[in-house]
1. In a shell of Cβ-Cβ distance under 12 Å around B:Gly260, excluding B:Gly260 itself, what net charge do Lys and Arg (+1) and Asp and Glu (-1) give?
2. Quick one: B:His229, B:His206, A:His403, A:His332, fewest Cβ neighbours within 10 Å first, how do they rank?
3. Within region A:289-442, what percent of beta bridges assigned by DSSP are antiparallel, to the nearest 5?
4. Using amide H atoms built in the peptide plane, which far-off residues or other-chain residues are under 5 Å from B:Glu209 H to H?
5. Using the Cα centre of region A:453-498 as origin and beta-carbon charges of +1 (Lys, Arg) and -1 (Asp, Glu), tell me which of A:Ser466, A:Thr483, A:Leu493 is placed farthest towards the positive end of the dipole.
6. Which shape class applies to region B:192-287: rounded if a/c is under 1.5, otherwise prolate when a/b exceeds b/c and oblate if not, where a ≥ b ≥ c are the square roots of the Cα gyration tensor eigenvalues?
7. Would you mind working out the magnitude of the charge dipole of region A:185-251 relative to its Cα centre, with +1 at each Lys and Arg C-beta and -1 at each Asp and Glu C-beta, to the nearest 20 Debye?
8. Could you sort out which of A:Lys70/B:Lys301; B:Lys120/B:Lys140; A:Lys182/A:Lys207; B:Lys91/B:Lys140; B:Lys91/B:Lys161; B:Lys120/B:Lys281 sit more than 24 Å apart by Cα distance in this structure?
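Only the coordinates and a few stated rules stand behind these numbers; no lab work does. Nothing here was measured: the structure is a model prediction, and the numbers come from that model. Cβ sites come from the backbone with ideal geometry, for glycine too, and all protein chains shown count toward neighbours.
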Amino acid sequence: MVSSFCWSCLTRLRQTPRTVLPSPTAVPRGPAFHTSAVRFFPNPMMRKKPGQELGGPKYRQSKSARMKKKKPVDGKARPPPVGERKALRKRIVLSNPNALEVEGMQELTEETMVDSRLRGNVLALPVPMLDQLRAVQAFKPKQGWSIFRRPGTVLRRETLEMGRLFDNISGVGEDKGTAVKKIITGSRKSGKSVHLLQAMAMAFTKKWVVFTVPEAQDLVSATTGYGPLSDENPNLYVQNEATASLLSRTLIANKTILSKLQVSRIHPALSAVQPGMTLENLAKFGVQDPASSWAVFQALWAELTATSATTGLEKNFTPRPPILVTVDGLAHWMRNSEYRTTEFEPIHAHDLVFVRHFLSLLKPGKDESTLPNGGALLYATSTSNNPSIYSFEVALKQVAARHAGVDPSAPEFPKLDPYSNPDSRVLEAFISTKPTSAQEGMLEVQTIGGVSRDEARGFMEYFARSGLLRETVNDEWVGEKWTLAGGGVIGELERLGRRLRVAAA
Amino acid sequence: MARQSPRGVVHAMQSVRSTTSLRAFLSQRSAAPAYIIPGASLSTRTQQWKNARGYATEVQPAAPEIDFAKFHTQPTRIIPRSPAYFSGSPKFIDHLLRLEDILAKYVSLPTVSAAEAPRKAWFKLPQFRDVVGEPIATKKYKGLLKLLQRLNRIDPNLMPKAVRLSLDDFIRPGNPYGNKPAPATVDNLGRARGKGKRKASSAVVHLVEGNGEVLVNGKTLVEAFPRVHDRESATWALRCTARLDKYNVWVAVRGGGTTGQAEAITLALGRALMVHEPALKPTLRKAGVITVDRRRVERKKPGHVKARKMPTWVKR
């Protein structure tokens, strides 16, 4: 077979004369893998014209029009000191000297808080009480306190009901010393936290002792120290700093009341505590020594919920006032915390003694009421900072159903979907049987909605009288804003009221 | 051409026989250069053909008597039927003149206002051009439309049949305004229903008398629209008529984004409100609530980055 390859062709295959090849010095060549020739660079010996530096872009350089790059921020400017930005963010301003003083504005007192004629009016918080409210961190940064001359809250229907309730608990009637337990829910900006604030203000007016957890998330977000409670209870964890700050809040806010009460029980865990010592000093002890703060808190709680002194210490006993406990952002306590065990397992929030104590209050007491001297537990959920927890949602529905008298075995009783991985501990925390004590109310869910049109009108008039709103406040205008605010959601009303609009002349 | 050749033969023979007859023939041909009258030319031809083959002994019949009554009906030059024949668009001008005549005749009849006159779907210009088969300028057709509208404004009770028939010639086939949907009514539960679309959203609104509560997909207005502007635009139909506290609104809205949904609700709400109170239509129209905005996203084109955006210009 003849090869198709022609030998004569091979003989012609000769190397091209050397001169045809471009000389390596004549034309600058790029890397061997590059097929395109490089543009001629100007002779470096030649003088450069002022505007013309190396013509053309280099390899792999963007050919589009280049903008001048911004200079990076030089590292010399120091960031603000640690904590300054957070302090600015969390700063609470309660007064605006540019706002007009509202004439004839009434203060929150024992009389006005139950006066239904004042419904829809804005009641100012008494100035001496502001320090107490600040101490218990009742104010939140974005509640719009800083736009008015002085802080005030609307007396809405829920507020009046609560005022009457507090009045009865502190009064002399048959409701004296009852314990009210409520979980407060509601849509976004509907005034749940301000409702808690109003409760605190009323409690201070009525000389109650107020315990608050202003942000439930802080207890479970692993930002404070924690440790096992004791060798006997290695699965329970105590948060000393958080407890100390709770004691400190309580101490500052309730100083006058606690200074009049004395230790009337023996506290074996605290050797330094002597009977006859004021409760103020007891609390101070826990603030100064965080290691013993949890024991001090327990002692303080035992003292405040005591109905009588132990034998021999009767002279130290004076009747204890009712207690108000508020927690804001309850849903954060219904799941695993950010804390870890030594095996690096997540710690459930219910294993933190602090959380456990406040959740246990929701259940009815064994022999006597959980708050034997009366008081209120108001635990609010949050909607702006709210983990979505299925079991908690169902638990709240079950609480509402149970309060409405639905039998747990009835078909209409809210059921858990077993496939949605429910957390049994959460459900367990809200299962409360009928309280044995008549003085103890059943756990209920209170949903806060929008204010009525009349209340909205009073609120908007307050804006107008403070000089923030330059429009004629009439029923039609208020009705429009009421609808735009989703049926009188008060936070939205505030947002509409503070939008500065100059009416057309 | 086929007919031309026997005539050529005739021509040749005639040139031999008599120049007088040739002269007559030529004069006959030149008399009607553009419009050949076949009958006339054929008759002369057969006559001369006969002459060519005739015998000398044969008795020649006399030429038929000239009928002077017929003589004038057959003019030598045909006159076009329309005087506008040479104008370029004779049919159109005929229509125009006819309408003008009618108008002049009936101009004294009472008229109604344009809003009360029966709505007619006149031919669109391209359609009319097809019907007439002539190029018609837009402006001239507008003039015709004005005439039609003026005639249409004659009181319907007094409109003569002639006018009605002549107007019908200019109406689009298919009767576009003839079949109207039944007007929406409030149902037995007091609900009015309205639909609206905007961008990619479509909304259905059920409006009942109430006290100003709004539910959008089962959520409150605040939950559905975090932005105040959207809430305002969704309820604008009620707001601009001061009915915000007179009705309750249920909305089901699907598709699109927040703004589109809000503005779809605006339209649907405006339409539902017109069911309850048709007299509000002028107010709603002025407020721009029942005006449909049918714009959609412009399509992306090849060679463009988006609908109109072009890639950055590169020198090489």
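1. Numbers: positive: B:Lys197, B:Arg198, B:Lys199, B:Arg254, B:Arg295, B:Arg296; negative: B:Asp230, B:Glu263, B:Asp293.
Residues near B:Gly260 contribute +3 overall.
2. Values: B:His229 11, B:His206 19, A:His403 16, A:His332 25.
Going from sparsest to densest Cβ surroundings: B:His229, A:His403, B:His206, A:His332.
3. On the way: 2 of 8 bridges.
Antiparallel bridges make up about 25 percent of those DSSP assigns within region A:289-442.
4. Placed amide hydrogens put B:Asn248 under 5 Å from B:Glu209.
5. The listed residue farthest towards the positive side: A:Ser466.
6. Details: a/c = 1.56, a/b = 1.33, b/c = 1.17.
Judged from the Cα gyration tensor, region B:192-287 comes out prolate (a/c at least 1.5, a/b above b/c).
7. On the way: 6 positive and 5 negative charges, 133 e Å.
Value, rounded to 20: 640 debye.
8. Numbers: A:Lys70/B:Lys301 34 Å; B:Lys120/B:Lys140 19 Å; A:Lys182/A:Lys207 20 Å; B:Lys91/B:Lys140 13 Å; B:Lys91/B:Lys161 22 Å; B:Lys120/B:Lys281 22 Å.
Violating the 24 Å limit, Cα to Cα: A:Lys70/B:Lys301.
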